1. Taking the Cβ of C:GLU313 as the center, what net charge do the other residues with Cβ under 10 Å away carry, scoring Lys and Arg +1 and Asp and Glu -1?
2. Give the carbon-plus-sulfur fraction of the accessible surface of segment A:1-53 in %, rounded to a whole number; probe 1.4 Å, heavy atoms of protein chains only.
3. For A:17-30, what's the mean count of beta carbons from other chains sitting within 10 Å of each residue's beta carbon?
4. Just the Cα atoms of the protein assembly as shown: what Rg and Dmax do they give in Å?
5. Determine Rg/Rh for chain B; Rg is computed over alpha-carbon atoms and Rh is the Kirkwood hydrodynamic estimate from the same atoms.
6. Which percent of the accessible area of segment D:68-177 is formed by carbon and sulfur heavy atoms (probe 1.4 angstrom)?
7. Accessible area of segment D:268-333 with a 1.4 Å probe: how many percent of it is carbon plus sulfur?
8. When the helix-only estimate is applied to chain B (DSSP H runs of n ≥ 4, each -39,500 (n - 2.57), divided by the residue count), what is the mean residue ellipticity at 222 nm, nearest 500 deg cm²/dmol?
Number of protein chains: 4
Amino acid sequence: MNFASDNTGPAHPRVLTALARANEGHAKAYGEDALTAEVEARLADIFEAPGAAVALVGTGTAANALLVSTLAAPWQTVFCAEVSHLHEDECNAPEFYTGGAKLSLVASRDGKITPNALRARIAMEGTRGVHGPAPGPVSLTNVTERGAVYTGAEVEAVCAVAGENGLPVHLDGARFANALAATGSSPAEMSWKAGVDALSFGGTKNGLMAAEAAILFDAARAEELAYRRKRGAQLWSKHRFLAAQMSAFLEDGLWLDLAAAANARANELRAGLMAIDGVELLHEPIANVTFARWPRGLHRKALAQGVSYYLYEGPLESGAEDVRLTCRLVCHWATTAEDVGAFIDLLRRG
Amino acid sequence: MNFASDNTGPAHPRVLTALARANEGHAKAYGEDALTAEVEARLADIFEAPGAAVALVGTGTAANALLVSTLAAPWQTVFCAEVSHLHEDECNAPEFYTGGAKLSLVASRDGKITPNALRARIAMEGTRGVHGPAPGPVSLTNVTERGAVYTGAEVEAVCAVAGENGLPVHLDGARFANALAATGSSPAEMSWKAGVDALSFGGTKNGLMAAEAAILFDAARAEELAYRRKRGAQLWSKHRFLAAQMSAFLEDGLWLDLAAAANARANELRAGLMAIDGVELLHEPIANVTFARWPRGLHRKALAQGVSYYLYEGPLESGAEDVRLTCRLVCHWATTAEDVGAFIDLLRRG
Amino acid sequence: MNFASDNTGPAHPRVLTALARANEGHAKAYGEDALTAEVEARLADIFEAPGAAVALVGTGTAANALLVSTLAAPWQTVFCAEVSHLHEDECNAPEFYTGGAKLSLVASRDGKITPNALRARIAMEGTRGVHGPAPGPVSLTNVTERGAVYTGAEVEAVCAVAGENGLPVHLDGARFANALAATGSSPAEMSWKAGVDALSFGGTKNGLMAAEAAILFDAARAEELAYRRKRGAQLWSKHRFLAAQMSAFLEDGLWLDLAAAANARANELRAGLMAIDGVELLHEPIANVTFARWPRGLHRKALAQGVSYYLYEGPLESGAEDVRLTCRLVCHWATTAEDVGAFIDLLRRG
Amino acid sequence: MNFASDNTGPAHPRVLTALARANEGHAKAYGEDALTAEVEARLADIFEAPGAAVALVGTGTAANALLVSTLAAPWQTVFCAEVSHLHEDECNAPEFYTGGAKLSLVASRDGKITPNALRARIAMEGTRGVHGPAPGPVSLTNVTERGAVYTGAEVEAVCAVAGENGLPVHLDGARFANALAATGSSPAEMSWKAGVDALSFGGTKNGLMAAEAAILFDAARAEELAYRRKRGAQLWSKHRFLAAQMSAFLEDGLWLDLAAAANARANELRAGLMAIDGVELLHEPIANVTFARWPRGLHRKALAQGVSYYLYEGPLESGAEDVRLTCRLVCHWATTAEDVGAFIDLLRRG
């Protein structure tokens, strides 16, 4: 029973098959192979964005850092949630790739930035002229780091505030598919139609080995993105193996099926948790990430039996048994109903 | 018949098998899995360097940029061959990762830096105090970009000059295995025993999908390397898939067998070429990369028949038939004797 | 009546005299002149720190950015007050000079960081391993941006928390002299004896034209500081004109006299303000910077009559007359008792 | 007798007078004072470029680094002479300010880039796609580092090559006034009319204390330049003291008079040198910088008698008396005819 992260789960078998298929014979290096061109076109198609520029990379942090640095000048500040991956989990990669831009943290609700909070934060930053940083792009995360999900309308409302201020919008979509599966929005509705300029389209967390797509909906800066990728040491030489992963992902909607499966398991998990006395759900989760609280004693028992998940509060070892501690539980495409059931049983037995 | 690059060839089947094997169940993310620890230890063992720090990454440019930035302060200059990959093929990644260090180009013979040339270049740079840049690390490439190979003794002689000046040494070993196979040196003899402080240990060109190891022989800066990797957006979340590739590579000496095979094919190729009138070999090649010259007309015929390789001079389309143009021919682990034979036949027929 | 900033005031006449004196004949460029050596030695003497490394520069932001980048690695975060100049007024210069380090904002009281707040902030940042940034230097400001002053003991208490965590300390002393004048501490007591590793020793705000000293109390990184200054384009060619300013400043304690004068005027100002109904002082000011609040109507009258100072709240033009708005009032060495008196009279008349 | 550099000479008395005049009363900080606006307008006027954006800074390296970073993307390369100040004397400041752009060195004649050499160098760099760097701005220096001078027509011819390739042009004019005085070109003819986009307009070497103007002839990027200056820690708070220097410089053509005086002394010096047996002039000097060669023995005598100048070859102490060594001799506005005469006498006596 492993709910530590969607990163701890395996790749889908069709991804391995695609790698094997792509492994035949020779292919041009550095993204000039036919499969890469095909996958880029397929992504543009799925997003109803014929002009989009696509750059495949191996990590989500790379997609974020490349896109944010394409949108932000070094003397600007990027508006993002105080709990965003960009700020908390990328070891200054955004600052590095932008050449020293700042991140201005926006207080969020469940990881979601509200239009009012954003408007206030932009107003606060925009008052110091050259002493400032200048206001720069807004970066959202959907699914958020707290497991909440923006609807397409909510993304649009935040983008509208960015637009009022002439600022572009980046969306960190490491779990973009899960957000679509949870809301029923189309890829385009959740991105450029809502006002998003650049999307980190996640793959690794959702069944790939190591593949993400950095997407710019306006191709005017496509060449810049290509140079930035190479300069960032993110351009794979045997690029067909990035393309093959993404190709399998997109084929027959596998990517959406995998996300739907993960969300379904998370829904079962939440139904089970809510039926247990002393367990509380946080942050209105509707996708594959769940935050919950329950007594320390119960955490001790669960973790002692080998279940994996992240405690967000502590300490585990000492303190009153009945104090409730927050944890995060993530389901992924390969999480089984049996795993979920067994975990709920374990908690229920207390 | 594809001699364009070792990047255009496939991954070895045992690599795919290893990926499938690693794909079972859960594994800790971000390099904290057991397979990663095992592979890092195995590398230290192969290099007889128990204290070495290892960071697996997906691209050779990443390994180079991370290591060079660990060795070079931003106000220093890196001494490298004028034809080095670092300078010519990484789109300023070294400058980016170092925060703006300079590269001081050393005139090379066949891509090899001589002790005297290096000594003179360091002396020239070290005369301007704070107006300078300060002299920084030396970076060698073995196999060189022109296909020549440093012997262990030659590496040692260059490192000695660096040492006289208190400068550390990086070795770009994208084709390190080919250099070992060509010279019979041991991994340690060709690296730290010769005075190398940091090695980019190549895998992708030699049969992996996307995996390289950045190795620091002195672990004092291991933590810095780990932070730099994450900050560079180079830390894979499903890290087991980097480890699995490297594990297959190291098992039973596969990495050396693959390099030996590539070198053997290149030897056959060179033997064939030398027997053809009007064909000339350049740069004393002994590994898997060959530079040669032959008449433009012969290039036209070969390329028209679908052979792939890089022309280093041009133009192909216009100009006298009998002017000799330089090209590069690369063999890799999967290049077949038949391919080599067919290509030689094709050229021989003229 | 100008209380806008100590930057809006003039240079002291002895500074001009010193420039004229330094202007005779030839002097070595780039800081190799005799006057520079003399001034550097004089500073080390004043700080009872014979080993200190000194770099004169033209702006306070340069002193801060150079010192912070000497103390902080690019993958670290700098702990500073949420109102610090470093964060709010330097347009990402710290991020630029450090190569992309982050600033972690510590909630302050009147711009002063408390040991507990710092301890908690460091603990919060130090939990994410390579995903983090790593904890880096602590940066204090004395006099703070809100006009409050750390005593030497308070600086020591904050430095102790940094020390527990192995972190170095920078002190932004743009108004260092005013802090000394307000507390009676010696230069050494307020800096290295309290645990400060690096000091931005301000001159411009206190009667110079454009001269600050970046001081490292441990000279081990003196050479790095020298290279960083040149690389940052901060090394004056006719360096004697930086040195001449600083020389006049240090001669016969002029720097302390000027700060004492500014503080004295601010004390008169505060005494006057406290006697006026409806005027409230903020942040326990004891040096030359005063924050106060009074009714909007009174601000309108004062500003309409040509007094200069910064309103920190607004709007001025619209809104109820009797709502109290915060402003900042700065006295400098040349502020006269007459100016202060006239301003108090003006406010008293209402 | 000091011919070491124009940086070793004094500031002009009118500069000191202007500083004293500017020192009265209060002035807005950070460049918002009236004198700054006046000086910026005056510069635009002198250059017949009403739309030009001007940023005053304290060092020539700052002007160069700010302008080059405004023109060059981090993944580009800057074309400059192999002897340029940008490359040889700024300790990686261009690499730092651009965020890691490369410098591509163009072989020059006397520090002058020829159209053909530039065309060839651009062609060579533009062949590697994203592996590149991409071709970026061209940077010229006039007067060159070897004392030669481009005519306006020569600048235009080089700019034309840049234009053919869509590349902008920067001109390092640390000695721009001396180039005008030597050629009779107008400021506009030597800059934007010839195709220059950005000019480092030197002041310090020509009689100021520390003041240069970074000029962008197209104001579209004026705001960027302003942010870059502040982010680079180059914005003076008491900015009136930068403006005052520049104001005195521009008043009644002082800047041109000073350059003309320096050039005149250099002409006298060269006339004297040419009349001495065994002395040879290099690089066709016509402005205030002279390179010459004469026997080692003669250098020993001159330097032993306290004359200051830079030897470009050595060693001085050992070696045959009659081997000729190269040196640089710089005249500045305050160099006297007596100094020149005495030096020539000294050499003539041998």
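The values are calculated or read from the model by the stated rules, or taken from the named source; none is laboratory data. Fair warning: this is a prediction, and the values are worked out from it, not measured in the lab. Neighbour counts are summed over all protein chains in view; Cβ atoms, including those assigned to glycine, are modelled from backbone coordinates with ideal geometry. All accessible areas refer to the heavy atoms of the entire protein, side chains included, with ligands and DNA or RNA removed. Shrake-Rupley method; radii C 1.70, N 1.55, O 1.52, S 1.80 Å.
1. +3
2. Details: 1220 of 2310 Å².
Answer for segment A:1-53: carbon and sulfur cover 53 percent of the accessible area.
3. Details: counts 1, 0, 6, 7, 0, 3, 9, 1, 5, 13, 5, 6, 8, 7.
Partner Cβ neighbours, averaged per residue: 5.
4. Rg and Dmax of the protein assembly as shown, Cα atoms, are 33.2, 107 Å.
5. On the way: Rg = 20.6 Å, Rh = 20.8 Å.
Rg/Rh: 0.99.
6. Values: 1550 of 2770 Å².
Of the solvent-accessible surface of segment D:68-177, carbon and sulfur hold 56 percent.
7. Working: 1530 of 2950 Å².
About 52 percent, which is the carbon plus sulfur part of the accessible surface.
8. Taking each H run of at least 4 residues, the total per residue is -12000 deg cm²/dmol.
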